[in-house]
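Student: Have a look at the structure that comes next, please.
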Amino acid sequence: MSELIFANRQDAGQKLAAKLLDYRDKQPVVLGIPRGGVVVAAEVAKELNAPLDVIIPRKVGAPGNRELAVGAVAPNGTAIYDKRALSMIGLHITDLQDEVTRQVIEIERRTKSYRGNREPLSLQGKAVIVVDDGIATGLTAKAALQSVRKQKPESLVLAVPVTTMEAAGQLQKGIDKLVCLLVPEAFYAVGQFYKDFSQTTDEEVAAALENYT
């Protein structure tokens, strides 16, 4: 049987929303992980008649090699680390504090850019659905989920069109439910499951928030 292929992020969002209809009566808050996850989340928010906001995690790169992710940070300074990776390259968490601070500042800048002057949505006591367009390692998603959990939602759901088996197993531990359309055996990159996986712009993210917030 061939793997499910999404036409684009809007198509993925519509298919994902169909699996989340039970949450419509719970008056949920939908949070998209930029950039591409916000396009998917917008379709979910529209179908559930829910407000849309962003949750922005950022990977923490190793000193001297920022492309090597050894951790992730999310709003309010929530940080997680890949301790195995740190051990392999001989780093300690304290070695990453400058990079963590830099990424927190970038999160604040991007949040302001996307949200404008609108206040963040309250998550306390709410059913919160965090949406991304796909998850490979799960590191940044895990940071985002921990950040949301600190705001004391009534329930926390992660909804993604596709993820890896390893990430699915890890991410289910910190949430109430994982809704995923596809967990393939062969996973090389999120984009392989989309016909159109073109880059989402900052302007598209801001427009989505303007339309559904």
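Student: With every protein chain left in place and a probe of 1.4 Å, what is the accessible surface of residue 142, to the nearest 10 Å²?
Tutor: 80
Student: Which Rg and Dmax, in Å, describe the Cα atoms of segment 14-166?
Tutor: Cα-based Rg and Dmax for segment 14-166 come out at 15.9, 50 Å.
Student: Next up: Express as a percent, rounded to the nearest 5, the fraction of DSSP beta bridges in segment 1-112 (both residues included) that run antiparallel.
Tutor: On the way: 8 of 11 bridges.
Antiparallel bridges make up about 75 percent of those DSSP assigns within segment 1-112.
Student: Looking only at the chain, where both bridge partners belong to it, what percent of the DSSP beta bridges are antiparallel (to the nearest 5)? Don't jump to the answer; show the numbers that get you there.
Tutor: Values: 8 of 27 bridges.
Within the chain, antiparallel bridges account for around 30 percent of the total.
Student: What area, in nm² and to one decimal, does the C-alpha convex hull of segment 89-158 cast on average over all directions?
Tutor: Approximately 6.3 nm², given one-decimal rounding.
Student: Hey, could you pull the Cα Rg and Dmax for segment 1-92, both in Å?
Tutor: According to the Cα coordinates of segment 1-92, Rg and Dmax are 17.4, 50 Å.
Student: A follow-up question, please. For the pairs 112/150; 152/177; 112/177; 142/177, note any where the Cα-Cα span goes beyond 19 Å.
Tutor: Details: 112/150 21 Å; 152/177 16 Å; 112/177 29 Å; 142/177 14 Å.
The pairs that break the limit, which is 19 Å between Cα atoms, are 112/150; 112/177.
Student: So, by mean Cβ neighbours within 10 angstrom, what's the order for 5-16, 125-136, 36-47, 84-95 with the highest one leading? Mind dumping the intermediate values first?
Tutor: Values: 5-16: 19.7, 125-136: 24.1, 36-47: 25.9, 84-95: 11.9.
Put in order of decreasing packing, that is 36-47, 125-136, 5-16, 84-95.
Student: Next question, about the same structure. Just the number, please: carbon plus sulfur as a percent of the accessible area of segment 30-164, 1.4 Å probe, no ligands or DNA/RNA counted.
Tutor: Of the solvent-accessible surface of segment 30-164, carbon and sulfur hold 48 percent.
Student: Oh, and also: Starting from the residue with the highest accessible area, list 147, 198, 155 in decreasing order, probe 1.4 Å.
Tutor: Working: 147 0, 198 65, 155 25 Å².
Result of the area sort, largest leading: 198, 155, 147.
Student: If you plug each phi of segment 67-72 into the Karplus form 6.51 cos²θ - 1.76 cosθ + 1.60 with θ = phi - 60°, what whole-Hz ³J(HN,Hα) values come out, in order, with x for Gly and Pro?
Tutor: 6, 8, 6, 10, x, 8
Student: Rolling a 1.4 Å sphere over the protein heavy atoms, what is the accessible area per residue of the chain, to the nearest Å²?
Tutor: Solvent-accessible surface per residue comes out at 51 Å².
Student: Now a separate question. What size of dipole, in debye to the nearest 20, comes out for the chain about its Cα centre when the only charges are +1 on Lys and Arg C-beta atoms and -1 on Asp and Glu C-beta atoms?
Tutor: 500
The values are calculated or read from the model by the stated rules, or taken from the named source; none is laboratory data. Source: prediction; values computed, not measured. As a convention, Cβ positions derive from the backbone with ideal geometry for all residues, glycine included, and neighbour counts pool all protein chains shown. Remember, those area values only see protein heavy atoms, side chains included, never the ligands or the DNA or RNA. Shrake-Rupley method; radii C 1.70, N 1.55, O 1.52, S 1.80 Å.
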